[in-house]
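Since every read-out is calculated from the coordinates, none of them should be taken as a lab result. Everything numeric here is computed off the predicted structure, so don't read it as measured data. Cβ placement follows ideal geometry from the backbone for every residue including glycine, while neighbour counts extend to all protein chains displayed.
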Amino acid sequence: MQTLASLSLAPGPNAVPQALAWLESIAEAERWPARLAFQLSLCLDEALSNVVMYGFGPQDDGLGQPQISLELLRGKQSIVIDIVDNGVPFDPTQRASAELAATLDDARIGGHGIRLMRHYLQSIEYRRDEGKNHLRLTAANAVDGA
């Protein structure tokens, strides 16, 4: 795998927009098809939003200074986003997708991010190592010659 780029973020209201702008600039520079850029942007938005909103508690929670790092990798047949954070342990691969509502009246907001990620990605992998969450999002690489 070839590393395309990396980014360090502080959790907060600007983390997700900053990460999405970073990914968009790489997608443009690499001339990714619009579908690939959309898939990865949507999945990064879902995963990172959850990290920012739920991954970090009060500063005295024993987890240390909140940190998030992203790494973008390219293989012959895949594009990978690695998200590493030192927040509370959370394995999204063990979460069931929310049930789809039978009617619009029964529909509820939220809980469908994992379903979207499973739909658009080839794989989602998680591990907890040395006090950090490691989430790997892998999408099919449709870029010719990559």
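For labels at residue 30 and residue 69 in the simple 7 Å Cα→Cβ model, what's the distance in nm? Simple spin-label model gives 1.9 nm for this pair.
Mind ordering 83-92, 40-49, 21-30 by average Cβ neighbours within 10 Å, highest first? Walk me through the numbers on the way to the answer.
Details: 83-92: 17.0, 40-49: 20.0, 21-30: 15.0.
The densest-packed peptide leads the list: 40-49, 83-92, 21-30.
Extension gain, residue 20-residue 77: 0.36 nm per intervening residue step, less the Cα-Cα distance, totals 18.3 nm.
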